[in-house]
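Before any comments, here is the structure.
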Amino acid sequence: MRGRKLGRGILEALLERAARIEGIEQIGISVTTTQSAARGLYRSLGFEPFGCERRALKVGGRYLDEEHMMLYLASRP
């Protein structure tokens, strides 16, 4: 389903809804550094990376790093 903008549409709807909830100021996510398409999508939606956790996950004997990202709703267009 990649390339059909379904993920983007779902995330945009989720972020719009979250922005309307009183008291929510920021949203944090984590994504493995191997997921370049997801990382690009999150950045295009305004998420900013703030740290990387090395060897955060182990999948099938392979370690994966996780990038932590934050979206500050007040600064969202």
task = Step through the residues of region 23-40 one at a time and calculate ³J(HN,Hα) from phi using the Karplus curve (6.51 cos²θ - 1.76 cosθ + 1.60, θ = phi - 60°), rounding each to whole Hz and writing x for Gly and Pro.
result = x, 7, 10, 8, 10, x, 9, 10, 9, 5, 5, 7, 8, 5, 5, 5, 4, x
inquiry  = Run the simple label-point estimate for Arg8 and Ile24 please: 7 Å along Cα→C-beta, distance reported in nm.
reply    = 2.1 nm
message = Just to confirm, what accessible area per residue do you get for the chain at 1.4 Å probe, in whole Å²?
response = 74 Å²
note = Taking a ≥ b ≥ c as the square roots of the Cα gyration tensor eigenvalues, with a/c under 1.5 meaning rounded and otherwise prolate when a/b beats b/c or oblate if not, the chain comes out oblate
inquiry  = Under a Cβ-only charge scheme (Lys and Arg +1, Asp and Glu -1), can you give me the dipole magnitude of the chain about the Cα centre, in debye to the nearest 20?
reply    = 440 debye
ask   = Rounded to a whole number, what % of the accessible area of the chain do carbon and sulfur atoms account for, probe 1.4 Å?
value = 50 percent
key: Part-to-part distance (alpha-carbon centres) for region 2-28 and region 31-59, which is given in Å   = 17 Å
remark   = Between the residues Ile27, Leu73, Gly3, the Cα farthest towards the positive end of the dipole of the chain, that dipole coming from +1 and -1 charges on the beta-carbon of Lys, Arg, Asp and Glu, is from Gly3
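The values are calculated or read from the model by the stated rules, or taken from the named source; none is laboratory data. Quick caveat, the model's predicted, so the values are computed rather than measured. When we count neighbours, we look across all protein chains shown, and the Cβ atoms used for this are built from the backbone with ideal geometry, even at glycine. Side chains are part of the model used for accessible areas, which takes the heavy atoms of the whole protein and leaves out ligands, DNA and RNA. Shrake-Rupley method; radii C 1.70, N 1.55, O 1.52, S 1.80 Å.
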